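Asker: Sharing a structure here in structure tokens format.
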Amino acid sequence: MLFVVTGPSGCGKSSLIHQVMRDLRNVRFSVSHTTRPRRPSEQDGRDYHFIGRPEFERMIAKKQFVEWALVHGHYYGTSKKEIEEKGAIGDLILDIDVQGARQIKSNLLRAVFVFILPPKYEELRKRLRDRGEDGPDIIDRRLRNAKREIRYYADFDYVIINNKLDRAVLELESVILSSRCRTDVRNAEIRSILKSFK
Ligand code: 5GP
């Protein structure tokens, strides 16, 4: 199953996703391509595939993305290759923005849509500042975008309020675990159990 996890920059999505991946087996992370400069804490190929604008635009022209968007002035996209290779088995988490989530939905890709909300605006601003990875202009831009993005929460299946990280982790894990129990997802397993009853 694909899990599309969306939320404004600074809402704690990355920490949340990292913790969930440490706790649950068979959950993988979809590594996006981006033209945004790499932050000191990030690793190419692990956090993102960092590429130049011409290469990104070539990939758009060749229709190599399932979704892509301009976010805070940089390109971000999920490659078809990433979904085909990692999404075929087990669960795959996509950390993407609202525009990307809408594209996944309109392409009729089967997915569970989760929106992460910070507890309040002041907290989001504080987190972005405390993170110390972006300058004041970039932080302002991200806060302006956040005001626009949160209006779309109702398009999502689940909303997690990231007030306490432990609680939010538990909630995202519950979403993933419950989707694994869905009858249609369990079909192969169920058939083999039923066979043993014959
Ligand atoms: P950041 O620069 O903070 O890593 O990410 C900025 C925003 O871009 C976040 O909201 C993140 O979810 C989003 N993002 C990351 N990868 C992708 C992607 O592949 N597609 C889209 N549409 N958004 C992405």
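Asker: Given charges of +1 on the Cβ of Lys and Arg and -1 on the Cβ of Asp and Glu, with all other atoms neutral, how large is the dipole of segment 2-196 about its Cα centre, in debye to the nearest 20?
Answerer: 200 debye
Asker: All other residues with a Cβ under 10 Å from the Cβ of THR6 taken together, and with Lys, Arg as +1 and Asp, Glu as -1, what is their net charge?
Answerer: -2
Asker: Name the aspartates and glutamates eligible as straight-distance cross-link partners of LYS80: C-alpha to C-alpha under 14 Å, and not fewer than 8 places from it in the same chain.
Answerer: In chain and number order, the partners are GLU67.
Asker: State the extension gain, in nm to one decimal, for the chain segment bounded by ARG25 and HIS74, taking 0.36 nm per residue of separation less the distance between their alpha-carbons. Write down the numbers at each step before the final one.
Answerer: On the way: separation 49, 0.36 × 49 = 17.64 nm, distance 3.22 nm.
Stretched out fully, the ARG25 to HIS74 stretch lengthens by 14.4 nm.
Asker: Enumerate the amide H contacts of VAL159 below 5 Å, restricted to partners 5 or more residues apart or on another chain; note that Pro and chain-start residues carry no placed amide H.
Answerer: When sequence neighbours closer than 5 places are left aside, the close amide H contacts are PHE115.
Asker: Cross-link list LYS81/LYS147; LYS63/LYS147; LYS105/LYS126; LYS86/LYS147; LYS13/LYS120; LYS13/LYS63: which exceed 21 angstrom alpha carbon to alpha carbon?
Answerer: Distance filter (> 21 Å) returns LYS81/LYS147; LYS63/LYS147; LYS105/LYS126; LYS86/LYS147; LYS13/LYS63.
Asker: What are the ³J(HN,Hα) values, in whole Hz, obtained from phi via the Karplus relation 6.51 cos²θ - 1.76 cosθ + 1.60 with θ = phi - 60°, for each residue of segment 15-20 in sequence order, with x given for Gly and Pro?
Answerer: 4, 4, 5, 4, 5, 4
Asker: Gain in length, ARG182 to GLU57, computed as 0.36 nm per residue apart minus the alpha-carbon separation, to one decimal in nm? Walk me through the intermediate numbers first.
Answerer: Details: separation 125, 0.36 × 125 = 45.00 nm, distance 3.86 nm.
Separation in residues times 0.36 nm, less the Cα-Cα distance, equals 41.1 nm.
Asker: Please report the net charge: other residues with Cβ closer than 15 Å to the Cβ of GLN103, K and R +1, D and E -1.
Answerer: -1
Asker: Tell me, what ³J(HN,Hα) does each residue in segment 55-70 have, in order and in whole Hz, if you take phi through Karplus 6.51 cos²θ - 1.76 cosθ + 1.60 with θ = phi - 60° and put x for Gly and Pro?
Answerer: Running phi through 6.51 cos²θ - 1.76 cosθ + 1.60 with θ = phi - 60° gives 5, 4, 5, 5, 5, 4, 4, 7, 6, 8, 10, 7, 7, 8, 7, 8 Hz.
Asker: Could you work out what % of the accessible surface of segment 2-196 is carbon and sulfur, using a 1.4 angstrom probe and leaving DNA, RNA and ligands out of the count?
Answerer: After summing per-atom areas, the C and S share lands at 50 percent.
Asker: For ASN162, what is the net charge nearby, where nearby means another residue's Cβ is under 10 Å from its Cβ and Lys, Arg count +1, Asp, Glu -1?
Answerer: That sum, taken over residues with Cβ under 10 Å, equals +2.
Asker: Separate question: Quote the FRET efficiency, to the nearest 0.05, computed for ARG38 versus ARG191 with a Förster distance R0 of 45 Å and r equal to the Cβ-Cβ distance.
Answerer: After rounding to 0.05, the efficiency reads 0.45.
The values are calculated or read from the model by the stated rules, or taken from the named source; none is laboratory data. Given the structure is predicted, the values throughout are model-derived calculations rather than measurements. Glycine gets a Cβ as well: all are built from the backbone with ideal geometry, and neighbour counts include every protein chain shown. Please note that ligands, DNA and RNA were not included when accessible areas were found on the heavy atoms of the full protein model with its side chains. Shrake-Rupley method; radii C 1.70, N 1.55, O 1.52, S 1.80 Å.
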